[in-house]
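First comes the structure, then the notes that go with it.
Quick note: the coordinates plus some simple rules give every number you see, no bench work behind them. These figures come from a predicted structure and were not determined experimentally. Note that we place each Cβ from the backbone using ideal geometry, even for glycine, and neighbour counts take in every protein chain shown.
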Amino acid sequence: MRSAKDFFRPLAVGAPAPVREVPFRPSRMIHFFDPGNERMAAKVPALAPQVDVLLGNLEDAVQADRKEAARAGLVGIAKATDFGGTQLWTRVNSLDSPWALDDLLTLVTEIGDKLDVVMVPKVEGPQDIHYVDRLLAQLEAKARIGRPILVHAILETATGVANVEEIAGASPRMQGISLGPADLAASRRMKTTRVGGGHPGYLVREDPKPGDGPRATYQQDLWHYTIARMVDACAAHGILPYYGPFGDIQDLAACEDQFRNAFLLGCVGAWTLHPAQIAVAKRVFSPEPEDVAWARRVIDAMGDGTGAVMIDGKMQDDATYKQCLVVSELADALAARDPELADAYAAAEKENAR
Ligand code: GLV
Ligand code: MG
């Protein structure tokens, strides 16, 4: 039993008070870099203004004998870099590895004031979040960090999916959840060896036609169920859902499609593994200027948001007003960070008003 009143008490004496709402900061792309790779690390200051989130990755893709170098590299980069309005996140090693504890001990005590979010991989249930939650509180108190570091879980085990609602609500620190399609495919024994995206074998076929004509097939989205479930769990707990990695760096068109499906279903961003994917994520996760102008037109026409009006032959009511607020509020938050986008939204609104 845990009293609702205790939920917002710090988990260690001297730790900062938990947040009551997840701050909505633009996070269209969570750009991964290997902090142990000196060539990549040197690009960080130039990369920071181009992305919403920079993530120093310590987990998969970093070789076992390079784990400590990556951790030390991240400490050095964080101390030396002014990230401006760009968030700094890290992905620590999984909790069943020998490195996770030292990752948290080192990062929070050395650069806790610079770290916005800790991404925890292979989360299986609320117990994993509780472990990290208490440990972060102890370390924040020790390092005298003034605001809580938030936690982001990767949904990448079958057990994690079965427990996703409980994971989303496990702590006020929960900032969001990302789909991890590679580990999840392995955990579920799915038969795809791709990192995200579709598969030509996963399809439906048109009914037979008279005369045995060729029957069209339509590829289906392998990730639809999981993304939709993750979005519901996140929305129910007031946290943010993200698509994860798209591994085929050459296929920007398919990457864009996968990102857009996730955006339309409710996700706010995706991971970018290569600089080529940054522009794709920015385009997809920023609502189109025409859609924003339309949303604002509906909001203006709906006054206090009740009743019904017809605009260009389309019925608008309290519910469509709320749909339009989602688009308009997202556009406001992104425009505040992205002057180019602010101009595009203003121009489309002006055009619409003529
Ligand atoms: C990401 O970590 C994945 O496993 O897809
Ligand atoms: Mg993974």
In deg cm²/dmol, rounded to the nearest 500, the helical mean residue ellipticity at 222 nm of the chain, built from -39500 (n - 2.57) for every DSSP H run of length 4 or more, is -13500 deg cm²/dmol
In Å³ per residue, the alpha-carbon convex hull of the range 210-256 encloses 125
What is the extension gain from Val13 to Thr217, computed as 0.36 nm multiplied by their sequence separation minus the C-alpha to C-alpha distance, in nm to one decimal?
-> 67.4 nm
Apply the Karplus parameterisation 6.51 cos²θ - 1.76 cosθ + 1.60, with θ equal to phi minus 60°, to every residue of the range 295-308 and state each ³J(HN,Hα) to the nearest whole Hz, in sequence, with x for glycine and proline.
-> 4, 6, 5, 5, 4, 4, 5, 8, x, 7, x, 10, x, 9
Packing-based order for 231-237, 281-287, using average beta carbon neighbours within 10 Å, highest first | 281-287, 231-237
Shape of the range 289-352, Cα gyration tensor, a/c cut at 1.5 | prolate
Rounded if a/c is under 1.5, else prolate if a/b is larger than b/c, else oblate: which is the range 1-118, with a ≥ b ≥ c the root eigenvalues of its Cα gyration tensor?
-> oblate
Nonlocal amide H pairs with Met119, under 5 Å, H built at 1.01 Å | Thr90, Arg91, Val92, His152
Step through the residues of the range 276-283 one at a time and calculate ³J(HN,Hα) from phi using the Karplus curve (6.51 cos²θ - 1.76 cosθ + 1.60, θ = phi - 60°), rounding each to whole Hz and writing x for Gly and Pro.
-> 5, 8, 5, 5, 5, 5, 5, 5
For the range 228-268 and the range 84-158, what is the separation of their Cα centres, given in Å?
-> 22
Would you mind checking the tilt of helix 252-265 against the longest principal axis of the Cα atoms of the chain, expressed as 0 to 90 degrees and rounded to 10?
-> 90
With x for Gly and Pro, the residue-by-residue ³J(HN,Hα) of the range 328-341, computed from phi through the Karplus equation 6.51 cos²θ - 1.76 cosθ + 1.60 at θ = phi - 60° and given in whole Hz, is 5, 5, 5, 4, 4, 5, 6, 5, 5, 9, 10, x, 4, 5
Figure the gain on full extension for Met310 and Ala141 (residue separation times 0.36 nm, minus the Cα-Cα span) and round it to one decimal in nm.
-> 55.2 nm
Expected sort for 11-22, 307-318, 49-60, 168-179 on mean C-beta neighbours within 10 Å, highest first, is 168-179, 49-60, 11-22, 307-318
Report the full-extension gain for the segment Glu68 to Leu325: residue separation times 0.36 nm, less the Cα-Cα distance, to one decimal in nm.
-> 88.0 nm
In the chain the DSSP beta bridges are antiparallel at a rate, in percent to nearest 5, of 20
Would you kindly compute the Cα radius of gyration of the chain and its largest Cα-Cα separation (Dmax), both in Å?
-> 21.8, 77
For the chain, with +1 on Lys and Arg beta carbons and -1 on Asp and Glu, the positive-most of Val92, Tyr242, Ile311 along the dipole = Val92
The range 181-245: trypsin sites (Lys or Arg not before Pro) in DSSP loop, at most 10 other beta carbons within 10 Å = Arg189, Lys191, Arg215
